[in-house]
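The block underneath contains the structure these notes are about, expressed in structure tokens.
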Amino acid sequence: MRRVMGVLAIAASVAGNACDEAPTSPGPSSTPRVRIVFLGSTTKRSDLPASAQACVSGVGATHIHPSWRSFAGMPLQAVPPDRYEITFDDVPVGARVSFRVNDPNSCDENPTGAVTRNVFANDVRLIQNTTTPGNGDEPGYALTVAPNGAISQ
């Protein structure tokens, strides 16, 4: 019995000391926010040739396909009259990632509506520098995000 009482006293002492420690709480996320902006009209063009109509129907709403989300399509938020954007907080840091933007207004420049200019990440103008999977290889953008949110291509 004396031995059991000794073990209980030690356990109570350890538990009491643990309660004196400051509680741990999750710190701020180490993943920076990445804002993707596409500068393009939010109004559907009426001057697209008839040959582009299948592309327009196929693209639907202006959207993005990010590699870190298995290239799943996600709508971009229209900011009329001439901008689309989306913000991510899950872009892997220090790894080369890619994405593609598809816009129906680009169907006369690319048969899949893939955008090849006027795209920014955290205010850095991107150049079309990779291909992404889609209807075959489609033009896209590749970048690396630093822990502070800086973008490099």
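The values are calculated or read from the model by the stated rules, or taken from the named source; none is laboratory data. Given the structure is predicted, the values throughout are model-derived calculations rather than measurements. Cβ: placed from backbone, ideal geometry, glycine included. Neighbour counts: every protein chain shown. All accessible areas refer to the heavy atoms of the entire protein, side chains included, with ligands and DNA or RNA removed. Shrake-Rupley method; radii C 1.70, N 1.55, O 1.52, S 1.80 Å.
Residues in segment 91-122 that are over 15 Å from ALA142 (Cα atoms), open to solvent by 60 Å² or more (accessible area, probe 1.4 Å) and touching a residue at least 40 places away in the same chain (Cβ under 8 Å): ASP108, PRO111. Looking only at residues of segment 67-95 that are outside any loop (DSSP other than H, G, I, E, B), touching a Ser or Thr at 6+ places or on another chain (Cβ under 8 Å) and of a type outside the set (Phe, Trp, Tyr), we find that the one that is nearest to GLN153 (Cα to Cα) is VAL93. Could you tell me whether segment 128-146 includes any residue that is exposed (fewer than 14 other Cβ atoms within 10 Å of the Cβ), under 15 Å from the mean Cα position of the chain (by Cα) and farther than 15 Å from VAL37 by Cβ? Yes, that holds for at least one residue.
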